[in-house]
């Protein structure tokens with residue numbers, strides 16, 4: 001039954017099946033391939049070579065790049081049999097989780113028994129930020145399966161990419177020559193702006209160059225529109241916040257006015273009640289005094305002194321109140 005090779009098994013493949021391998025790339029049951037020197041920026045068609053003066057590549061948002069592995073794989077039967085007689089090797093290759101965490105879209109693939117060469121992939125930057133990768137940075141994980149006698153294929157890999165090293169463009173044959181434009185299904189509405197732009201690009205030099213420039217400008221306008229939309233949304237959110245604050249201020253002012261009205265009314269009521277009570281008390285005192293001869297005689301004898309004393313006390317009280325702030 002097929003089994004996954006351990007780190008010890010993978011180390012035994014160094015120099016033969018895994019060429020240019022490094023011990024630091026070993027994992028418990030896999031080997032992490034590193035970024036190779038050669039590749040191509042697919043949006044511009046510019047090829048690069050990091051083995052000379054450059055130290056890495058940068059992938060702009062929305063752009064794609066074709067990359068290679070630094071290591072070379074040799075799953076040819078003659079090579080494998082030097083280590084595992086009467087067995088073959090098959091591998092699954094997948095991107096590291098670091099790539100997906102950074103918004104890099106990269107495919108998974110398999111390595112068939114009998115394959116020999118350098119693996120190629122495509123990275124697409126689906127994030128909103130520029131991503132950078134260094135030469136020989138660990139990027140892809142390869143898991144190697146050990147195939148028993150009954151699991152070995154009858155026909156080994158002999159495809160277009162056999163024994164190719166470095167960056168290799170797609171060998172897909174594509175559509176046959178001579179197909180009519182009407183036989184293709186395209187995403188643009190016939191006669192629409194995008195359709196006319198694609199026709200301009202397809203018209204060849206010099207209009208094709210103009211069409212490409214217009215398409216690039218259109219992409220820039222889209223970016224600006226998206227940024228403006230984000231700014232507009234932020235302004236609208238800020239305006240809503242300001243409106244909420246104003247509503248709260250208005251509610252606070254109305255509350256203060258209501259409380260003040262209630263307090264003023266209460267004070268007026270208390271003043272009226274107090275003044276009425278004082279007036280009634282005075283009337284009662286006058287009536288009680290005027291009808292009592294003893295009290296009346298006392299007031300006639302000492303009333304002048306009491307009047308002057310009350311006047312002095314009232315004057316002192318007014319003076320004290322007038323000095324208070």
**Asked** Could you list, in sequence order, the residues of segment 51-76 that are touching a residue at least 40 places away in the same chain (Cβ under 8 Å), over 30 Å from residue 113 (Cα atoms) and either touching a helix residue (DSSP H, G or I) at 6+ places or on another chain (Cβ under 9 Å) or part of a loop (DSSP other than H, G, I, E, B) (or both)?
**Response** 54, 55, 60, 61, 62, 63
**Message:** Looking at 176, 187, can you tell me which residue is modelled with pLDDT under 75 and assigned to a loop (DSSP other than H, G, I, E, B)?
**Reply:** 187
**Message:** Just checking, does segment 117-125 include any residue being in contact (Cβ under 8 Å) with a residue 40 or more places away in the chain, surrounded by fewer than 17 Cβ atoms within 10 Å (Cβ to Cβ), over 36 Å from the mean Cα position of the chain (by Cα) and within 26 Å of residue 155 (Cα to Cα)?
**Reply:** no
**Prompt:** Name the residues in segment 136-173 that are in a strand (DSSP E or B) and either under 38 Å from the mean Cα position of the chain (by Cα) or touching a residue at least 60 places away in the same chain (Cβ under 8 Å) (or both), would you?
**Reply:** 138, 139, 140, 141, 142, 143, 144, 145, 146, 147
**Request:** Determine, yes or no, whether residue 267 is at pLDDT below 75, in contact with a helix residue (DSSP H, G or I) (Cβ under 8 Å, 6 or more places away or on another chain) and in a helix (DSSP H, G or I).
**Result:** no
**Request:** Could you list, in sequence order, all residues of segment 158-187 that are touching a strand residue (DSSP E or B) at 6+ places or on another chain (Cβ under 8 Å) and over 25 Å from residue 104 (Cβ atoms)?
**Result:** 162, 163
**Item:** Whichever residue in segment 15-46 is part of a strand (DSSP E or B), without any contact (Cβ under 8 Å) to a residue 40 or more places away in the chain and out of contact with any helix residue (DSSP H, G or I) (no Cβ under 8 Å at 6 or more places or on another chain) and, among such residues, is surrounded by the fewest Cβ atoms within 10 Å (Cβ to Cβ)
**Value:** 46
**Fill in**
Given (1) modelled with pLDDT of 95 or more; (2) surrounded by fewer than 19 Cβ atoms within 10 Å (Cβ to Cβ); (3) touching a strand residue (DSSP E or B) at 6+ places or on another chain (Cβ under 7 Å), residue 62 misses just (1)
**Request:** Take the residues in segment 1-14 that are modelled with pLDDT of 95 or more and in a loop (DSSP other than H, G, I, E, B), then tell me which one is nearest to residue 35 (Cα to Cα).
**Result:** 13
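The values are calculated or read from the model by the stated rules, or taken from the named source; none is laboratory data. Computed from a predicted model, the values in this text were never measured in an experiment. All Cβ positions, even for glycine, are placed from backbone atoms using ideal geometry, and neighbour counts span all protein chains on display.
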